[in-house]
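Where a number appears in this text, it was derived from the coordinates with a stated rule and is not lab data. In this text, all values refer to a predicted model and were calculated from it rather than measured experimentally. Backbone-built Cβ (ideal geometry, glycine too); neighbour counts: all protein chains shown.
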Amino acid sequence: MILPKGDLTSVSQTDAESNADPRICLVGCLADDPVALEAAKKFNVPVVTSETGEEYASDVNYCTYFIVTDFESKEFEELHKLGARLLGKPALIELSKDGVLMYNQRPVFCHVMIGVVLVFTGFRKKAEVSRLLKLVHYMGGSVKNEIRENVTHLLAYSSTGEKYQYATTFNIPVMGEDWVHAAWAHRDEVGARADINSMMKYKIRVFHNLRMVLLGFPSEDQVQMEDLVRQNGGVLTTLDDQHATHVVVEEQSVTEKPADCPPRAHVVKAEWFWTSIQMDACPNEKLHLFEEMNSSSVMSPRQMFVSPSTPGSRSRRRKRLRETVQQLAQDDSPSTLPTAPPASKRRSSVGDLAYLSADGSFLDETVPTPNRLIGSADATPLSPPSVDLKQLSARQRVFHELVKTECNYVNILDTIEKVIKAPLENIVQPGGPMLDAQELKFIFGNLPPIHEVHKRMRNDLLTLAHNWSDDASIGDIILKYSSNLQAAYPPFINYFENMKEMLQRISIERPRFHAFLKIAQNKPECGRQSFQELLIRPVQRLPSMSLLINDILKHTDKTSPDHASLEQALDQIKSVMTYINDDKRKTEAKLKLFEIHNDIEMCPPNLVASHRLYLSKVDVTELSDTCSGRGDTLTLFLFNDVMEICKKKSKYNSIKSPSRANLHAIKPIKTYKHLEMMNLAHIKRIVDIRETEECHNVFALIIRANQEFKERLFTFALMPDDTTKAAFLKILCRTVANVVCRNDVENFLVSMDPHHLDIETSDVSLTNALSKALRFATRTGRKVSRAFSFNKSPSKLKRAVSTVMSPFGTLSQQSSMRGATSVNNLADLSLSGTPPSGGFAQPMATPTPRRRPLKHV
């Protein structure tokens, strides 16, 4: 783009003016401005005032500097036509700091863009360019036609073009026209600058003013890409738009360039789109152009096998079919397949069909490469030998499959290392690092040990494959690395699910990281598989090895020395998987321990301990008064050495003020309240109360600590749940026996009738009635809370209250209750000391039978 010539030429001045004495003229209202007058006096030159300044413009005895209040006023226009030296008040104040009058042959109102050297690109309207050019000059900036070393900023209409590519390559800020207008808005502020960090928000976005068409993408990707286009300043359009700038094509589903493509649009691959998001700048379109699929040079899988012109006999066709199927099943290079196209003309998107396995994965089969060596010619080869499967024994065929899958697995780990991990760890990344050190360690920190042990195992298996003998021992190689496998896999598998959740969250929150993974997914090394699909391979590898070793064992003669080794190897692999599963369960138990601690109010800090594991949880109703009180709903958390007894807190509170409601909204309410943490070593006996018609799921614990001289009795009724009483008591007895180091588990559990521990039928029935009343009162409390809503008018409030059914009879009966105003909700009301007069809570009036002294068991 060529700038208007008149805007770059300076006002010519005579020699008389250059040799004349300087003088300052304050024009218009500036004559009465004390700040401007004070600044003018600092130059120690004559200072005059005038309404228009025209009478001083023709005076050649002085070189007059005219100070005006506005560059859009009539006085400015007239003086500008006369070729006068024009300054704004902010420029005068800035120059007065050094006491030197300077003029760059064009009017300068302020110094907001002093030192800024601009280049314009992409603007097509001459009037718009002229306006922006004047504003830059008025703010002390300068404009060039071409990008040179001294250019500080690029002013672009859109994020495309050669100048844009140069600026992004050499980290020159690319600004939008809003930047110039925002800087001009600060023209009256002395000391304001346009190149400070706070003004970098006016850098153009990735797809600034680009009109984009998206073709051939899946619906999920289409929606996500459309959102990214809008968020990054682009405009979505269609192929009918002749002003479209880019057509982004999914090359796997679109094989031909659209016939009605806009003439000036760049037709690019999806890689260009995701690279733009990752770099936070559009790359050169020439590097990502979409190329049509040439049908003459690429054959479809159906065309790869050409049948002869003559039909031939049926047996001959069957023979050809068998030969074709056998060739397709070979592991050799695709070039050996019949009528395969030349490698130089084969496109990766279709030609690589020869690499595909049955499930469509590029990584499930070994990519055909020469038998390269590590280091010298005698080193370990990197690929299995080319063999004819028909000439191999069944044992050798399965071993060949084991070697091939091990090579593929190591290749996948190599891909993760080189394509994803290494670029993310690189300190120098366009747009800055996408992950911090802690995130990188959490995602990749547990992979190197797995990678290392499998590389060594692969090398040993390849050495055996290239030097095969019938007495070769496969089991010894597996046994050699079994301990390394057991050490390497648990840290990765234990936190695999957490790692997946973290990847999903980061991918949503950080578009650049998501774009990076998309770019990696489209690379040939990844075979169009996502990072998460690659990461799941370590989880699947050991089970797959176990199946292959089992098949090798089936085809190994029992008299062979390798039979015993294979049996041991299979046992070791299964042992490793069992260890991993056990370790994973322990890790999950640790995480559960933290969740429980955070959900209990006033929980003892020592509940969280390195040796403590969570085992089970049951909800019970207390029948004794030892812990919280009869009828209370409790929760027992069983750990390997203690039992945490908590009281369940109500999820619904009574009517609260708006401020209290907001407080609860901000601070989460914990589910439980701590009552007692019981050491399992203090449990002397567990009593299973026999079932009767009115006594169900009742058990008792007899507790005595070392410093106590009297036993305590805890009696509970197990609430209906997934856990049965027999299962819970079995776990509890076994855990207590482990704590006290005894093997007579059966002696901890005794069965008794209810009356042996003074458990009356009324206790259980009372508890059942109380639990029902509590549930009913809680539901009614919710209705009352909704009825007393602060959003309702008094008349509506009265009607709402009248519709609430009380569980304790009529409102007149409730008004006669004493102490009802002091409770918080209806649940507390049903458990208050004064029994209601209604018939619902009649069981509370039942006298409690006097307890007999506790008998020692």
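A 22 angstrom limit on the alpha carbon distance is what I want to check against. Which of Lys144/Lys203; Lys203/Lys523; Lys203/Lys286; Lys418/Lys518 exceed it?
Details: Lys144/Lys203 19 Å; Lys203/Lys523 31 Å; Lys203/Lys286 24 Å; Lys418/Lys518 15 Å.
Over 22 Å apart, Cα to Cα: Lys203/Lys523; Lys203/Lys286.
According to a simple spin-label model (label point 7 Å from Cα along Cα-to-Cβ), what is the distance in nm between Asp557 and Asp571?
The two pseudo-label positions are separated by 2.4 nm.
When we measure straight from the Cα of Lys134, which aspartates and glutamates land under 16 angstrom away, once same-chain ones fewer than 8 places off are left out?
Excluding near neighbours in sequence, the set is Asp7, Asp70, Glu72, Glu77, Glu177, Asp178.
Here are some pairs, Lys554/Lys730; Lys673/Lys710; Lys480/Lys584; Lys590/Lys647; Lys390/Lys584; Lys574/Lys684; which of them have Cα atoms lying more than 32 Å apart in this structure?
Values: Lys554/Lys730 41 Å; Lys673/Lys710 26 Å; Lys480/Lys584 24 Å; Lys590/Lys647 22 Å; Lys390/Lys584 43 Å; Lys574/Lys684 40 Å.
As for pairs spanning more than 32 Å Cα to Cα, those are Lys554/Lys730; Lys390/Lys584; Lys574/Lys684.
Between Val60 and Asp188, what FRET efficiency comes out of the Förster formula 1/(1 + (r/R0)^6) with R0 = 35 Å and r the beta carbon distance, rounded to 0.05?
On the way: r = 33 Å, r/R0 = 0.93.
The calculated FRET efficiency here is 0.60.
Taking R0 as 45 Å, what FRET efficiency do you get between Glu676 and Glu425 from their Cβ-Cβ distance, rounded to the nearest 0.05?
Working: r = 50 Å, r/R0 = 1.11.
The formula returns an efficiency of 0.35 here.
Tell me, what is the FRET efficiency for Lys649 and Ser610 to the nearest 0.05, using R0 = 35 angstrom and their Cβ-Cβ distance as r? Let's see the in-between values first.
Values: r = 29 Å, r/R0 = 0.82.
That pair, Lys649 with Ser610, gives E of 0.75.
Among Arg131, Arg193, which comes first, second and so on when ranked by fewest other beta-carbon atoms within 10 Å? Can you show the working numbers first?
Details: Arg131 14, Arg193 17.
Going from least to most buried by this count: Arg131, Arg193.
How many nm separate the modelled label positions at Arg264 and Asn19, each set 7 Å beyond the Cα in the direction of the Cβ?
5.4 nm
Figure the gain on full extension for Val750 and Lys319 (residue separation times 0.36 nm, minus the Cα-Cα span) and round it to one decimal in nm. Numbers along the way, then the final one.
On the way: separation 431, 0.36 × 431 = 155.16 nm, distance 7.71 nm.
Taking Val750 through Lys319 to full extension adds about 147.4 nm, to one decimal.
Quick one: what are the phi-derived ³J(HN,Hα) couplings along segment 21-37, Karplus 6.51/-1.76/1.60 with θ = phi - 60°, whole Hz, x for glycine and proline?
Using θ = phi - 60°, the values come out as 6, x, 8, 10, 10, 8, 9, x, 5, 5, 4, 9, 8, x, 5, 5, 5 Hz.
Counting other C-beta atoms within 10 Å, which of Cys733, Cys25, Cys526, Cys741 has the fewest, and how do the rest follow?
Values: Cys733 18, Cys25 26, Cys526 22, Cys741 7.
Going from least to most buried by this count: Cys741, Cys733, Cys526, Cys25.
Okay, which of segment 550-577 sit inside 15 Å, backbone N to the point 7 Å along the Cα-Cβ direction of Asp470?
Output list for this probe position: 556-563.
How do 494-503, 472-481 rank on mean C-beta neighbours within 10 Å, highest first? All intermediate terms of the calculation are to be shown ahead of the outcome.
Working: 494-503: 15.2, 472-481: 18.9.
Most protected by this proxy first, the peptides run 472-481, 494-503.
Per 0.36 nm of contour for each residue apart, how much would the distance between Thr578 and Phe709 grow if the chain were fully extended, relative to their Cα-Cα spacing? Spell out each step's value before the answer.
Numbers: separation 131, 0.36 × 131 = 47.16 nm, distance 4.56 nm.
In short, 42.6 nm is gained.
Arrange Glu146, Glu622, Glu250 by Cβ neighbour counts within 10 Å, fewest through most, would you?
Numbers: Glu146 8, Glu622 22, Glu250 19.
Fewest to most other Cβ atoms nearby, the residues stand as Glu146, Glu250, Glu622.
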